[in-house]
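Have a look at the structure below, then the notes.
The values are calculated or read from the model by the stated rules, or taken from the named source; none is laboratory data. In this text, all values refer to a predicted model and were calculated from it rather than measured experimentally. Positions of Cβ are generated from backbone atoms using ideal geometry, with glycine treated the same way; all protein chains shown enter the neighbour counts. Please note that ligands, DNA and RNA were not included when accessible areas were found on the heavy atoms of the full protein model with its side chains. Shrake-Rupley method; radii C 1.70, N 1.55, O 1.52, S 1.80 Å.
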Amino acid sequence: MTAPTCRACGAALTRTFCDLGLSPLANSYVTPERRHRGEVFHPLHAYVCDACWLVQLEAFESPEAIFSDYAYFSGFSAGWLRHAEAYVAAMIERFGLGPQSQVVEVASNDGYLLQYFVARGVPVLGVEPAANVARVAVERGVPTEVAFFGRDTARRLAAAGHRADLTAANNVLAHVPDILDFTAGFAEILKPEGVATFEFPHLLRMIESRQFDTIYHEHFSYLSLGVVIGLLRRQGLRVFDVEEWPTHGGSLRVFACHEAAAHRPTPALEQVVLSEWGANLFDLSGYDGFGAAVADIKCAALRFLIEERAAGRTVCAYGAAAKGNTFLNYCGIGPELIRAVADRSPHKQDTWLPGSRIPVVSPEELLAMRPDTVLILPWNLKDEIAGEMAAIREWGGRFAVAIPELTVF
C-alpha cells in the first residue's frame, strides 16, 4: 500500500505517533432513529512527518461531512465563555479596536466570542460552516456567513468590504485537512496592519500530559509553534507573539501579521520555540514512547472500572465531549462499565455516544441515578464540573479522571 503523505509538505508519512485502532467520528452522536443501525469506523492512526514535524491523521471524511451539521456548541461551557470575554477585552485594549474596526472570526460557532465584541460596539462577522450552529449565532445578533474558510472565501469576503483589523481562529486550525489553503485565507482578508490570532492545543503539552484523547478524526493536525510559524511563513504571514494558556490542557495563542507589518516580535516567541527544541519536537526522539504511555492509561482505566463493577458500585460519566468518545472507544468501554454520561447541551441529550453506545442524559438525570463514581471525560474542565456536580458528595459519591493518570477525588 502507498504511504499517506503530509498535508503540509507532501513527504511520505512512515512514522507512527499513536495508533488508537478503529473509531467512529467523535461527534457523530447516535439519534433514536439511528440507534439500531451500524456505524462506520475509521483508522485513528496519528503520524509524525519526519520532514516538517507536523503530527497528523489521514482524512477519511470531508469537512462537509463532518462540520456541515455539527453537534458542538461552544456556548455551553461557562469557563470557555469567560475565556472568550477576556480575549475580547484584551484585544480591544491592545489593538485599539472600536466602531471603525472589523473583526472576523473563523469557525465562529454559536457566536460565543463575537457576542462580546458586539456588546462593545465593534463590528463583527462570523464565518461558520455548520448552518445549524450559525443559526444560533444569528439569533444572538452575530452576523454570520455560512461557509468553509479558505483562500476563495477570504477573497470574496474581502471584496465585499470585510477586510479585517483582527481575525480570530480558536481551535479550528487543527480541523482543516487543507491547512495550506486555510492559512492562505488569512493573508487575503487581513488589512496591511491587521492581526490574526490562532488558538490551538499545544503539541508539547499533549505529549507531556499524555492527552491522547484529543486525537479524533475531526482533528486532522496536532500543532507545535515551530510548525505553525513555518505554515504561516509560506503565506507571507509572520508570527510576532505567542501566549500560553491552560485551556484544553495547555494551548497557545499565536499572533501573526503580514510580513511587512509594523508589529515587532516579543521575547515570548523565542522562549516557546526554545522549549519545543528542548523537548525534541524537531527530532524523532521527542515522539518515542507516547504510544506505550497511552496503553498504560487504557489498562489503568479498565482495571478501575472493572473493580468498581465487581464491588457493586455504579459508575456514570460527565461530558459527552469528542475527547471522551476517543477515550471510550480506544478502551472498549460501554454501558456495562459506565451506565450513562451527562451533558449540559440539549443537542446531545437523548442520544447515544458513537461507538460505545452509552446513553447521554441531562445532569439532573445523572444525579437522580445517585452514582458512586462520576468519571469526568473532559478532564481539562474537571474543577468546573466537580463544582457543578458537587451534590454527588451528599451520598458519598466520588469523581475520577483517567488522564494524564487515573485519579479519584
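Mind checking which residues of the stretch 50-87 are in a helix (DSSP H, G or I), among the small types (Gly, Ala, Ser) and modelled with pLDDT of 65 or more?
Selection gives Ala78, Gly79, Ala84, Ala86.
Answer yes if at least one residue in the stretch 136-147 is within 22 Å of Cys257 (Cα to Cα) and of a type in the set (Asp, Glu), and no otherwise. Full working, then the answer.
Pass one, the stretch 136-147, residues within 22 Å of Cys257 (Cα to Cα): none.
No.
What number goes with the only condition from (1) touching a Pro at 6+ places or on another chain (Cβ under 8 Å); (2) more than 24 Å from Gly355 (Cβ to Cβ); (3) of a type outside the set (Ser, Thr, Tyr) that Gln211 does not pass?
Here Gln211 meets the rest and fails (2).
Here's the yes/no breakdown for (1) more than 17 Å from Thr314 (Cα to Cα); (2) over 28 Å from the mean Cα position of the chain (by Cα):
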| residue | (1), (2) |
| --- | --- |
| Glu364 | no, no |
| Met369 | no, yes |
| Leu375 | no, no |
| Trp379 | yes, no |
| Ala391 | no, yes |
| Trp395 | no, yes |
| Glu405 | yes, no |
| Val408 | no, no |
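Quick one: Val272 ticks every box in (1) open to solvent by 40 Å² or more (accessible area, probe 1.4 Å); (2) under 25 Å from the mean Cα position of the chain (by Cα); (3) not polar (S, T, N, Q) except a single one, so which number is it?
Only one criterion in (1) open to solvent by 40 Å² or more (accessible area, probe 1.4 Å); (2) under 25 Å from the mean Cα position of the chain (by Cα); (3) not polar (S, T, N, Q) is unmet by Val272, namely (1).
Taking the stretch 1-47, which residues are in contact with a Leu (Cβ under 6 Å, 6 or more places away or on another chain) and in contact (Cβ under 8 Å) with a residue 60 or more places away in the chain?
Correct list: Ala8, Leu20, Ser23, Phe41, Leu44, Ala46.
Does any residue in the stretch 360-383 that is hydroxyl-bearing (Ser, Thr, Tyr) come within less than 6 Å, Cβ to Cβ, of a residue that is open to solvent by 50 Å² or more (accessible area, probe 1.4 Å) six or more places away or on a different chain, and which pairs are these?
If the second residue must be open to solvent by 50 Å² or more (accessible area, probe 1.4 Å), the pairs left are Thr373/Arg398.
Out of the residues in the stretch 256-272 meeting the condition of being out of contact with any helix residue (DSSP H, G or I) (no Cβ under 9 Å at 6 or more places or on another chain) and of a type in the set (A, V, I, L, M, F, W, C), tell me which one is nearest to Asp165 (Cα to Cα).
First, the residues of the stretch 256-272 that are out of contact with any helix residue (DSSP H, G or I) (no Cβ under 9 Å at 6 or more places or on another chain): 257, 260-268, 270-271.
Right, trim to of a type in the set (A, V, I, L, M, F, W, C) and you get 257, 260-262, 268.
Working: Cys257: 10, Ala260: 15, Ala261: 12, Ala262: 14, Ala268: 23 Å.
Selected residue: Cys257.
Test of understanding: among Leu406, Leu337, which residue is open to solvent by less than 40 Å² (accessible area, probe 1.4 Å), at pLDDT 95 or above and farther than 30 Å from Asn132 by Cα? Step through it out loud before you land on a result.
Working: Leu406 fails: open to solvent by less than 40 Å² (accessible area, probe 1.4 Å).
When all the criteria are applied, what remains is Leu337.
Filter the stretch 286-301 for residues that are of a type outside the set (D, E, K, R) and either open to solvent by less than 60 Å² (accessible area, probe 1.4 Å) or modelled with pLDDT under 95 (or both) and give the result.
Correct list: Gly286, Tyr287, Gly289, Phe290, Gly291, Ala293, Val294, Ala295, Ile297, Ala300, Ala301.
Looking only at the stretch 125-170, which residues are farther than 24 Å from Pro99 by Cα, in a helix (DSSP H, G or I) and open to solvent by less than 10 Å² (accessible area, probe 1.4 Å)?
If the condition is that a residue be farther than 24 Å from Pro99 by Cα, in a helix (DSSP H, G or I) and open to solvent by less than 10 Å² (accessible area, probe 1.4 Å), then Val133 is the only one that fits.
Here are some residues: Ala158, Ala187. Which one is under 27 Å from Pro265 (Cα atoms) and out of contact with any Lys or Arg (no Cβ under 9 Å at 6 or more places or on another chain)? I'd like the intermediate steps shown before the answer.
Working: Ala187 fails: out of contact with any Lys or Arg (no Cβ under 9 Å at 6 or more places or on another chain).
It is Ala158.
Condition (residue is part of a loop (DSSP other than H, G, I, E, B), hydroxyl-bearing (Ser, Thr, Tyr) and surrounded by 15 or more Cβ atoms within 10 Å (Cβ to Cβ)) applied to the stretch 358-369: is it met by at least one residue? Talk me through it step by step, then tell me what you get.
Within the stretch 358-369, the subset part of a loop (DSSP other than H, G, I, E, B) is 358, 362.
Those still in the list that are hydroxyl-bearing (Ser, Thr, Tyr) too: 362.
From what is left, the residues that are surrounded by 15 or more Cβ atoms within 10 Å (Cβ to Cβ) are 362.
For the stretch 358-369, residues part of a loop (DSSP other than H, G, I, E, B), hydroxyl-bearing (Ser, Thr, Tyr) and surrounded by 15 or more Cβ atoms within 10 Å (Cβ to Cβ): present.
Please go through the stretch 302-326 and pick out each residue that is open to solvent by less than 20 Å² (accessible area, probe 1.4 Å) and of a type in the set (Val, Ile, Thr).
The answer is Val315, Thr326.
Filter the stretch 177-203 for residues that are open to solvent by 10 Å² or more (accessible area, probe 1.4 Å) and over 17 Å from Leu225 (Cα atoms) and give the result.
Pro177, Asp178, Asp181, Ala187, Glu188, Lys191, Pro192, Glu193
Based on what the data block shows, is Glu394 within 22 Å of Ala295 (Cα to Cα), open to solvent by 10 Å² or more (accessible area, probe 1.4 Å) and at pLDDT 95 or above?
Values: within 22 Å of Ala295 (Cα to Cα): no; open to solvent by 10 Å² or more (accessible area, probe 1.4 Å): yes; at pLDDT 95 or above: yes.
Taking the combined requirement at face value, the residue does not satisfy it.
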